[in-house]
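The values are calculated or read from the model by the stated rules, or taken from the named source; none is laboratory data. Computed from a predicted structure; not experimentally measured. Cβ placement follows ideal geometry from the backbone for every residue including glycine, while neighbour counts extend to all protein chains displayed.
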Amino acid sequence: MDFEYVMTLGAEPDQVFALVLDKDYLVGRCEATGSTALDVRAEGSAQTGGVVRVRRRVPMLLPPFATRFAADRIVVRHVETWSAPDPLGTRTASFTGQVEGAPGSLTGRLRIAREAGATSYAFRGVIDIPVPVVGQRLARYAAEQLTRGLQVEEEFTRRWLAEHG
């Protein structure tokens, strides 16, 4: 199942990318969604790009059909590998996400770019849950939860930028 979400932020692309490598921001972003950051690592620089690894415990309100596939709190691992900026300051990344002990994955691309007077932070990927019969339903549910989480993260990011410049 395809997934897409775009944050629109009132900051320059380099300011948004700086957040990607800021461990305090990444932990705060997890906490804003009710998650617990278990391991957060960010390496790299504004010139070279970077790699971000986050492992977090995420609360889930699962529908009855999904409870046999995952617990009410799951552990999610994701990795983002970011490029250096192009001449316009645009950055891209590949990402992978996995729920520990459960089937399925999220893979795709991230992009931070200046567009129409603001900075877009775009998430585009594919949710794949290879479970017979209910895999598509689980993927739709995962997309709904991911969208809600990213909406909370977008609001958190706006507040963080306002408070931390």
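Answer yes or no: is there a residue in the range 82-89 that is out of contact with any Leu (no Cβ under 9 Å at 6 or more places or on another chain), among the polar types (S, T, N, Q) and in a helix (DSSP H, G or I). The answer is no, given that none of the residues of the range 82-89 is out of contact with any Leu (no Cβ under 9 Å at 6 or more places or on another chain), among the polar types (S, T, N, Q) and in a helix (DSSP H, G or I). Can you work out which of the residues in the range 84-100 that are crowded, with 18+ Cβ neighbours inside 10 Å and not basic (Lys, Arg) is modelled with the lowest pLDDT? It comes out as VAL99.
Regarding the range 145-153, can at least one residue be identified that is in a helix (DSSP H, G or I), within 26 Å of GLU31 (Cβ to Cβ) and at pLDDT below 90?
Yes, the range 145-153 contains a residue that is in a helix (DSSP H, G or I), within 26 Å of GLU31 (Cβ to Cβ) and at pLDDT below 90.
Name the pairs: first residue in the range 28-40 and closer than 14 Å to TRP160 by Cβ and among the β-branched types (Val, Ile, Thr), second residue part of a helix (DSSP H, G or I) and modelled with pLDDT under 95, Cβ to Cβ under 7 Å, at least 6 apart or on different chains? So the pair list comes out as THR33/GLY149. In the range 128-164, the qualifying residues are those that are in contact (Cβ under 8 Å) with a residue 24 or more places away in the chain, among the charged types (D, E, K, R) and in contact with a Ser or Thr (Cβ under 9 Å, 6 or more places away or on another chain), and the one that is surrounded by the fewest Cβ atoms within 10 Å (Cβ to Cβ) is ASP128.
Can you name every residue in the range 95-120 that is part of a strand (DSSP E or B) and more than 18 Å from LEU146 (Cα to Cα)?
Once the filter is applied, which keeps residues that are part of a strand (DSSP E or B) and more than 18 Å from LEU146 (Cα to Cα), the range 95-120 yields ILE112, ALA113, ARG114, GLU115, ALA118, THR119.
Return a yes/no flag: does the range 115-127 have any residue that is surrounded by 13 or more Cβ atoms within 10 Å (Cβ to Cβ), in contact with a Phe, Trp or Tyr (Cβ under 7 Å, 6 or more places away or on another chain) and among the acidic types (Asp, Glu). Checking the range 115-127: not a single residue is surrounded by 13 or more Cβ atoms within 10 Å (Cβ to Cβ), in contact with a Phe, Trp or Tyr (Cβ under 7 Å, 6 or more places away or on another chain) and among the acidic types (Asp, Glu). Here the range 4-44 is the region considered, the condition is being under 24 Å from ASP86 (Cβ atoms) and touching a Gly at 6+ places or on another chain (Cβ under 6 Å), and the residue that is surrounded by the most Cβ atoms within 10 Å (Cβ to Cβ) is PRO13. Any residue that is within 16 Å of the chain's Cα centre (by Cα), assigned to a loop (DSSP other than H, G, I, E, B) and modelled with pLDDT of 95 or more - is there at least one of those in the range 19-29? Scanning the range 19-29, I find at least one residue that is within 16 Å of the chain's Cα centre (by Cα), assigned to a loop (DSSP other than H, G, I, E, B) and modelled with pLDDT of 95 or more, so the answer is yes. Collect the residues in the range 118-165 that are touching a strand residue (DSSP E or B) at 6+ places or on another chain (Cβ under 9 Å), of a type in the set (A, V, I, L, M) and more than 12 Å from GLU4 (Cα to Cα), keeping them in residue-number order. Across the range 118-165, the qualifying residues are ALA118, ILE129, LEU138, ALA139, ALA142, LEU161.
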